[in-house]
Amino acid sequence: MSLREEILRLKKEKNAVILAHYYQRPEIQEIADYVGDSLGLSQKAAETDADMIVFAGVHFMAETAKILSPNKIVVLPDLDAGCSLADSCPPESFGKFVAAHPDHIVVTYVNCSAEIKAMTDIVCTSSNALKIVNSIPKDQPIIFAPDKNLGKYVMQETGRDMLLWDGSCIVHEAFCIDKLLELHKQHPEAVIIAHPESEEHILKTASYVGSTAGMINYVKEHADRKFIVATEAGILHEMKKEVPNTVLIPAPAKEDNSCACSECGYMKINTLQKLHDCMLNESPKIEVSDAIREKALIPIQRMLDLSK
Ligand code: 13P
Ligand code: SF4
């Protein structure tokens, strides 16, 4: 049996659902039951009736699935699939920061640990951050964590002043503005689209800023155009499927690398073999203590309710 066939057999045997993020390797996206952005993936994790959730993504995503579905087995192909942004917000220092500003509501981007979510009032993703912040009364001070780039973008779009945590994503901070402007000079007809984790100067050049799902929809709706895409390169797999005749150019990174684009090493640590093995062995399993889970569920559920 091929690896692919064996995964499909295990899926039936274990009544498993495979959820994959758009940054996963193409062969993983192809075998998944659902491929989506962070919001779509949490919605699927909340509503599935499978016994096992195989999370082809990074740790905080699988952890969110476990918080939403505590009675299901949640497995991640490789426990080292972390996130630089989540790592930039350690619970102890964040706890002190929150305690120092007791009058602030805490909004956190889903790219953070369960411990951080347990200290949060409302979670958001890049697709609903504006809506979530706009739902908070205007005179209410807000802490926004951990992504300062998304935070600055939300401040600019909503006109709200927020206290930002100083975190960021190594992948989205790797884009080079000079190379991007040079590339745009070579393709002046191309539309720049960017993920809001990118730095302010990159976002200023973009005609569209949004989540991975938002970027894919935008390209679908403007398929007659040419695009420069500023996010992790895995997204190009789904984009090419949706708009096979559209020219898609990955935004250039500061460091020259083999594909001249940015790849997330954490996302790419998952392989088809590891996906198979985690289903077979039901390990590595994601566990969250009841105490953290109960607290972390509240702000996630608030986000899901506000996103219906
Ligand atoms: P999306 O929610 O837009 O898919 O973003 C997830 C992520 O990790 C971006 O770096
Ligand atoms: Fe984290 Fe950035 Fe990788 Fe997304 S792309 S998982 S934010 S390190």
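Key figures
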| read-out | value |
| --- | --- |
| Long pairs among K66/K295; K66/K220; K204/K308; K12/K240; K96/K254, criterion Cα-Cα beyond 24 Å | K66/K220; K204/K308; K12/K240; K96/K254 |
| Per-q log10 I(q)/I(0), the range 80-170, q = 0.11 Å⁻¹ (Debye; single scatterer per alpha-carbon; no solvent) | -0.26 |
| For G167, distant residues with modelled amide H under 5 Å away | K148 |
| Cα gyration tensor shape of the range 59-107, rounded if a/c is under 1.5, else prolate or oblate by comparing a/b with b/c | oblate |
| Reference-scaled alpha-carbon Rg (2.2 N^0.38 Å with N residues) for the range 99-226 | 1.15 |
| Within the chain, percent of DSSP bridges classed antiparallel, to nearest 5 | 5 |
| Peptides ranked, highest mean first, by Cβ atoms within 10 Å: ranges 244-251, 80-87, 273-280 | 80-87, 273-280, 244-251 |
| Nonlocal amide H pairs with I142, under 5 Å, H built at 1.01 Å | I105, L163 |
| Long-range HN-HN contacts of I192 with modeled amide H, under 5 Å | S207, I228 |
| J(HN,Hα) series, the range 137-147, from Karplus relation 6.51 cos²θ - 1.76 cosθ + 1.60, nearest Hz, glycine and proline x | x, 4, 8, 8, x, 10, 9, 10, 8, x, 8 |
| For the chain: rounded, prolate or oblate by the Cα gyration tensor [a/c cutoff 1.5] | oblate |
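Rule-based calculations on the coordinates, nothing more; no lab input. This one's a predicted model, so the numbers in the text were calculated from it and none came from an experiment. No Cβ is skipped: glycine too gets one built from the backbone with ideal geometry, and neighbour counts run over all protein chains shown.
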